[in-house]
Each structure stands twice: as C-alpha cells, then as structure tokens.
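No lab work stands behind these numbers, since they all come straight from the coordinates. The structure presented is a predicted model; accordingly, all values stated were derived computationally and were not measured. Positions of Cβ are generated from backbone atoms using ideal geometry, with glycine treated the same way; all protein chains shown enter the neighbour counts.
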Amino acid sequence: MVHFRTDIGVTNPHAAGTNDSYAKELETEVLIVGAGFGGIYLMHKLRQLGFKCKIYEAGEELGGIWHWNCYPGARVDTQVPIYEYSIPEVWKDWTWSERYPGFAELRKYFEHVERVLDVKKDVAFDTRVVGAQFDKPSGKWVIKTEDGRTARAKYLLLATGFAAKRHFPDWTGMDKFKGEIHHSSFWPDAGVDVKGKRVAVVGTGSTGVQIAQETAKTAVSVTVFQRTPNLALPMQQKPLTKEEQENRKKSYPEIYKHRMTTFGGFQYDFVDRNTFDDSPEQREAFYQKLFGNGGFEFWLANYKDLLFDKEANNEAYKFWAKKTRARISDPVKRDILAPEKPPHAFGTKRPSLEQNYYEMLDKPENEVVDIKKMPVIEVTETAIKTEDGKLREFDVIALATGFDSVTGGMKNMGLKDVDGIPLSEKWKLGTWSYLGMTCAGFPNMFFLYGAQGPTAFSNGPSCVECQGDWIIDAMKTLKEEDIKYIDASREAEENWRKLVTELSDKTLFPGTSSWYMGANIPGKPREQLNFAGGIPLYEKECRQSLNNGFQGFITA
C-alpha cells in the first residue's frame, strides 16, 4: 500500500486556540497561501509596509518543500549563500555546515528564520485551500479551507511553489503491494529503515538520483527503474567552516546584488563566447574546469550557445558522456545511464547534482531497468513485473515520480475567476498569465515561483525575491494611489504567452519532452511553462509594466 505521512509531530496551534489565523471567519488585508521561501518573504516585506497579512499553510511547519522533503539524500542543488534570503537580519547570525545543505539543516534554517522574523504568529498550519473566488461587490477574495473555514482578504497571494501537486504512476496493482511504498514527498519523517532490504527506486529526476545513491549505502540491493537517463553533474560537495563564512559576510550584499544580474540567479553566468570560438584543446580545458568546480557550472556557466546550437550542445554532451562513462565498469549499465548518443539536448532537462550515483549503481548487486525498452506492466504483492515477464521482488518501493509541476498546484486549489470559471478549466488547453504573476479574471491576485516566470530555470530564492519585490512594489503603489482593483487584461496575457513561447523557441528546450514543457503528465498540454529569457530580462519586462502605470492591467 502507498503510505502517507501522518507523523510530522508538530503540535497544531489550532487545537490550542493560540492563534487568530485559525478563525472560523478570518478577515485580513492579505492572505498568502504557502509558508515556504516565497510566502515568508512576502509576509516579512508586506508587514514592514504596514499590511495586515495571514498565511494558510497545508503542512505543519514553515519551510515549504523543505518541510515535506525528508527522503534519503534530500538536499538542495544550489550552493550557499546563493540559496538563502538576502535579508541581512537573517544571514548575519547564520552559518551552514556544508556547501549544499541537506533537508535537516534547511529545516534548522527555517527555525532560525522564525526566530528572527516571528512569522508563525500569523500562520494557520494544516490548512488546505479548496476554493477561492473574488467577490466583486465587497472587493474581496473569499477563500475556503478543507475543514470549513472561510477567509476574506483584499489580496490573495499564492506562494504554493512549483512542485505542489504529486504525480503517481498509473501501474496496475500498486494497491496490492505488501511491502512499503512511499512517494518521495510523503516520506515518513522518522525515515524508512532500508538496511538489508531490496529497494526499488522509480524515476531518475534529482529525487531519484538522491534516493538511489543514499539507500545504496545500506540496502541489500537497489534497482532503479529509468525512463530517461539523468545527465547528472558532479556536486563537488565540501564542508564549510564558520570562520570562512563569517569572513565572507562583508561581501554578501554584493553577492546578492550580483546573483540578480545572472541568467539563473546564481553566482555565475554563461561566458561571452561560443563553443567553436575555442580550439578543441581550449574547449576541453574549459569543460574540465567547469566540471571540477561542480554544481551547475557545466550547465549555466558554459558557452553562451550551449542551449541554442545543436552542434555546440553535442560537444558538451560528448564531454559529459566521456567523463561519466569512465566511472561505470558494467557495459550494460554504462549504456543505459550514459549513452554515447544524447537522449536529449544537454541542459534541456534540469541536471541533477550527484556525489557517487554512478559508482553506487555500478555495484553488481544493484540494477538499472530501462523501462522505455522494458515497460512495467504491473505491481504484485511482492514484486514489480516488466513486459518480459520478469518479476523483481522488493521490500520497499520509492516513487520518485515527480509532480504535475509549475501549474499543478494552482489548478488544484479550487480557484475560480470572477465569472465562476475554474482556473483548471481555463488552463485545460494551455497556460495563460501576465508577467508569470497574475491572471486575467483573477483581480488582486498575485502568484510567484509558478507558471511563465523564470521558475525552473532559476535559483529559487533569487526568483522569489525578484518576483516578491515586484508584487510588494505593486501593492505599495496600489495602496498609495488608492487603487482598489487590479486585473490583467486578456490581451496582456496573450502577449506574455507569445513572448514566453518566442523566447523558448529560440532555444533547444522545445525539442525535449520534459516537465519544463509539461510533458511528464499524460494529457497535459505541451508548452513552455517557464520564462526562458533569464532573470535580468524578466525583471526588465515586469518593471516596465509597473513604471508605465500598470501597463497591461485594468485598474479601478
């Protein structure tokens, strides 16, 4: 059977009646949905401007994805201090233990954020939104929760994150399995003891890579069911001392300023030359340097034509394959995990960062099953059966099958436009937004880290702060100019969608079936779900609207 987490173990303040955020009928100026990086940032900045804010959070703690993610090996793929708030009062007294922190340390970070910003007094945990519609006569959003509460707010801000709706494979017999099945985002907080057990890992996104390399340390065997190889990059993890971080803090303001000038909001950017501007020897040395530095440098600090030119991309793939294949001794596994011919253009799916993934899977007791060649036909009480009739027996199945990403969360919370048409209906044939932060027919509603923003092509905190600052400045202007109602025009949405598509079509992204393009969910429209022009261009486009008197919006 599939297990769901019920053991997070945080006392719900609702029961104790200590927090007016849990009121049966809540009245507030701003209601924020989600208490991860985005929701907390909005809350903090809006409070400073005197807005009365509340947060509804489905989980039982702050942290968003880091509240839910506790599967084996879960860690961030962006190094610190890039992956944290630029808020000085938060970073001045905080240091990390390693370059890429794991989930336990990220949870401690959010405890620190709470101590500094005092967020929880205005958060209702364990509160899932199931309906929301703007009421024109009162000029307020009416928001309904799963347990029957109602909130009324002038502004509705959605900070639900891009991976808010889980995706499960449609395999026959999953409910029959007598061992343990866990989706990566529902992993028991107490963990799962895999020592001496046979583990199946379904999926090879970043989650699958992390679970496989971690469980292989203690499990008797790990079998990875792979649809597409992950073109994973070396993390080059290393410990950090408190002293080196304290010494570096004087440069943090400059670091945070600089990250907003780069394509993905990282500390590095594409170099200003093309792949074939360099000789083969220079290219090899450059690739080697990026690989040695680790992280996403081979992806986002590479030649500027990497994501635009097929031949240039092939050069990068050839180097990646050569380096990776050298780490795998088993010829069958080598061809499945790092084929000589690229399965797709390098970097058109977000690469994962690995530490010893290939060495772990290369061990003789572990297996990789190519389910494109040998599909799974059913799950039995004890095993997973493939098309060739082979039964592989397991004690634990880890579903690293990802999410209905970018749009799934917003489509799944009962949002309706002013005419009562559900957003899920409006986005059935494709996604429309203006600036990746607003939707026509949804007045006084803003969202961040979602559809048609820089979301998946960016460092999360960079994207959140870029969009959050725009939303905050927009709301400040609305207040100052006594504008009660703001709604994106349908024409502005059409133009934004056109821009998102045009930018994407110049790249190699559309040629790859990925969750970037909505291709991981059967029946989901195939379209670019992210702004592929980079954070600086995105910010310029958004600021232009604000500076030109809310260009593209209807106000009253």
Sites LYS121 and THR95, calculated FRET efficiency, Cβ-Cβ separation with R0 35 Å, nearest 0.05 = 0.85
Packing-based ranking, highest mean first, of 122-133, 480-491, 266-277 given that Cβ atoms within 10 Å are counted = 122-133, 266-277, 480-491
Taking H placed 1.01 Å from N in the peptide plane, check which residues at least 5 places from VAL224 or on another chain put their amide H under 5 Å from its amide H.
-> VAL201, GLU367, VAL368, VAL369
The range 174-399 - percent relative contact order, Cα under 8 Å, separation 6 or more = 35
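Hey, with R₀ at 45 Å, roughly what FRET efficiency would PHE308 and VAL220 work out to, going by the Cβ-Cβ distance, to 0.05?
Using R0 = 45 Å, I get an efficiency of 0.45.
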Pairwise FRET efficiency - ASP419 versus LYS195, Cβ, R0 = 56 Å, nearest 0.05 | 0.50
In nm, to one decimal, how far is the ALA326 label point from the LYS341 one, both placed 7 Å along Cα→Cβ?
-> 2.5
Say each of GLU502 and GLN282 gets a label point 7 Å from the Cα, pointing the same way as Cα to Cβ; how far apart are those two points in nm?
-> 3.3
Order by protection proxy (mean Cβ within 10 Å, highest first), peptides 79-87, 436-444, 245-253 = 436-444, 79-87, 245-253
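What Kirkwood hydrodynamic radius, in Å, does the chain give when the mean of 1/r is taken over all pairs of distinct Cα atoms and then inverted?
By the Kirkwood definition, the hydrodynamic radius is 24.5 Å.
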Answer in debye to the nearest 20: the dipole magnitude of the chain about its Cα centre, from +1 Lys/Arg and -1 Asp/Glu charges placed on Cβ, is 240
State the extension gain, in nm to one decimal, for the chain segment bounded by ARG152 and MET374, taking 0.36 nm per residue of separation less the distance between their alpha-carbons.
-> 74.7 nm
What residues have an amide H closer than 5 Å to that of ASP189, excluding those fewer than 5 places away on the same chain, when H is modeled at 1.01 Å from N in the peptide plane?
-> ASP7
Taking alpha-carbon centroids only, the range 283-333 lies from the range 219-254 a number of Å equal to 18
Share antiparallel - DSSP beta bridges, the chain, percent rounded to 5 | 35
Want the number for LYS390 to ASN356: 0.36 nm per residue separation, take away the alpha-carbon distance, what's left?
-> 9.4 nm
Hits among lysines - C-alpha to C-alpha of LYS318 under 26 Å, sequence gap 8 or more where chains match | LYS289, LYS304, LYS310, LYS333, LYS341, LYS349, LYS363, LYS372, LYS373, LYS506
Filtered GluC sites (Glu not before Pro), the range 311-369: DSSP coil and at most 14 other beta carbons within 10 Å = GLU340, GLU365
Here the convex hull volume per residue of the range 99-218, taken over Cα atoms and given in Å³, is 194
The chain: calculated mean residue ellipticity at 222 nm from DSSP helix runs of at least 4, using -39500 (n - 2.57) = -8500 deg cm²/dmol
Can you pull out the GluC sites (Glu not before Pro) in the range 384-465 that DSSP calls coil and that have at most 12 other Cβ atoms within 10 Å?
-> GLU387
Mind listing which trypsin sites (Lys or Arg not before Pro) in the range 25-97 are in a DSSP loop and have 12 or fewer other Cβ atoms within 10 Å?
-> LYS92
Taking amide hydrogens as modeled 1.01 Å from N in the peptide plane, which residues meet the under 5 Å criterion relative to ILE377, leaving out close sequence neighbours?
-> LYS385, THR386, GLU387
In order through the range 280-290: 3J(HN,Hα) via Karplus (6.51 cos²θ - 1.76 cosθ + 1.60), integer Hz, x for Gly, Pro | x, 5, 5, 4, 4, 5, 5, 4, 4, 5, 4
Extension reserve of the LYS479-LYS249 stretch, reckoned as 0.36 nm per residue once the Cα distance is removed | 79.3 nm
